[in-house]
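To start, the structure itself, in structure tokens.
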Amino acid sequence: MLFPTTLVGSYPQPEWLIDRPRLSSRLPPRVRAQELWRIPAEYLEEAQRDATLVAIRAQEAAGLDIITDGEIRRESYSNCFANALEGIDLDRPGSALDRTGHPNPVPRIAGPIRRRHPVEVEDVKFLRAHTDRPIKITVPGPFTMLQQAQNDYYPDEESAAEAYAQAVNEEIRDLFAAGADIVQVDEPYLEARPEKARQYGLRALNKALEGITGTTAVHICFGYAAVIGHAKKIKPGGYAFLPEMRGCRCAQVSIEAAQPKLDCRVLAELGDKKVMLGVLDLADPAVESAGTVAARIRAALQWTKPENIIVAPDCGLKYLPRVTADAKIRAMVEGARLVRSEHGGV
């Protein structure tokens, strides 16, 4: 299929499940934030399963071709996996600057980073059992997890990144074995810290993908619109770290293009990588028309082949109202259909 549609990862969690005003009033948590859940601990797992089913059915109803679990069970895209690893002192968090320059409580590395057990395998099995469409699961990347941590154990950042990479590699293997069709590695800090990304970040990411035979994607963004976009109302029109992804072992690169009004000529530098093209501006509460979505896809077609484009939002939908998210993804699906019909598809 030309121009298949998917989410970057997250879908809005219901108000009855998580305290959305509280979630939106703070930076995405790096340590665990159990206080965000509205459901008592003894009922939380069942409630998260029910809400995940809501997310799956919403994606199917909108017509998405590749389904995620909506990251419904997570407080943020990275903290659940990052804090499940051995070597993290859960009782004494550290501190690190986020991409806005503010200090944030983060996991503190106090010993060797190792994966104790599979973290997201049950999420994949649940997703596989409840849809017959291709499925995707997301996992935070080694470089981003290190930037969101305080290293009190390893002699240098590169050594710590390699340890994270090994843990991610083990997780990815198990996610494919559990039934995932695509595993997406979230690496927004490759863009936020491009100098370090060039020094060792891409090497750590490639180590995380070493020996993986399934279809892998890497998401790189400028940060959640609710955190970055609303504050500045603008994002850079170009990536500080993107052409380098041509040397990544991943098959797909997920980028923002709508809100930053990206100059899509950079796509030509990615070679034959497939591109998850962001076509939904998540800082704008207005719902795009199908025509607007189609125009954003056509802009990218000047610089890459139709078979290389996967249509997606700019980033996760986590902070949008559900009614807005649903309307936007329906417009995205219809816009993709318009362009597909222009290229002989259905």
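Every number in this text was worked out from the coordinates using simple rules, so none of it is lab data. As the structure is a prediction and not an experimental result, all values here were calculated from the model. Positions of Cβ are generated from backbone atoms using ideal geometry, with glycine treated the same way; all protein chains shown enter the neighbour counts.
Overview of results
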read-out	value
Antiparallel content of DSSP bridges confined to the chain, in %, to 5	20
Hz values of 3J(HN,Hα) by residue in the stretch 306-311 - Karplus curve (6.51, -1.76, 1.60), Gly and Pro given as x	x, 5, 9, 9, 10, 9
Residues whose placed amide H lies under 5 Å from that of Met276, excluding near-sequence neighbours	Val253, Ser254, Ile255, Ile310
Contour excess over end-to-end distance, with Cα ends at Arg298 and His117 and 0.36 nm allotted per residue	60.8 nm
Ordering of 241-253, 41-53, 91-103, 60-72 by packing [mean C-beta count within 10 Å, highest first]	60-72, 241-253, 41-53, 91-103
Cβ-based exposure ranking for Met1, Met332, in which fewest neighbours within 10 Å come first	Met1, Met332
Of [x] 17.9; [y] 30.4; [z] 15.6, the label for mean projected area of the Cα convex hull in nm² derived from the coordinates	[z]
Listed residue (Pro14, Ala51, Pro243) projecting farthest to the positive dipole end of the chain, Cβ model	Pro243
The chain, helix-only ellipticity at 222 nm - DSSP H runs n ≥ 4, -39,500 (n - 2.57), divided by all residues, nearest 500	-9500 deg cm²/dmol
Interchain or long-range residues, amide H under 5 Å from Thr215's placed H	Val183
Net lengthening on full extension, Glu170/Ser289 (0.36 nm per residue, minus Cα-Cα)	38.7 nm
Ascending count of other beta-carbon atoms within 10 Å, so fewest first, for Thr216, Thr144, Thr324	Thr324, Thr216, Thr144
Footprinting exposure proxy for Leu23, Leu127 (fewest neighbouring C-beta atoms within 10 Å first)	Leu23, Leu127
Label-point separation in nm, Asp181 to Lys125, each point 7 Å along Cα→Cβ	2.2
Under Karplus coefficients 6.51, -1.76 and 1.60, residue-wise ³J(HN,Hα) of the stretch 88-96 in Hz, glycine/proline x	9, 8, 6, 8, 10, x, x, 9, 8
Furthest towards positive pole of dipole, Leu277, Pro306, Gly291, structure part the stretch 271-310, Cβ charges	Pro306
Within the stretch 31-152: Cβ-based charge dipole about Cα centre, in debye rounded to nearest 20 (Lys, Arg +1; Asp, Glu -1)	260
Table column - 3J(HN,Hα) (Hz), the stretch 288-295, Karplus curve with 6.51, -1.76, 1.60, x for Gly and Pro	4, 7, 4, x, 5, 4, 4, 5
Modelled FRET efficiency - R0 25 Å, Arg57 with Met1, Cβ distances, 0.05 increments	0.75
Separation of the Thr100 and Leu44 label points, Cα + 7 Å toward Cβ, nm	2.4
Pair Asp89, Glu158: separation of 7 Å Cα→Cβ label points (nm)	2.7
Gaussian network model of the chain, springs between alpha carbon atoms under 10 Å - residue of Leu17, Leu205, Leu175 with greatest fluctuation	Leu17
Rounded, prolate or oblate (a/c below 1.5 giving rounded, otherwise prolate when a/b exceeds b/c) for the stretch 160-225 by Cα gyration tensor	oblate
Under-5 Å amide H pairs with Ile88, H placed in peptide plane, nonlocal only	Ala110
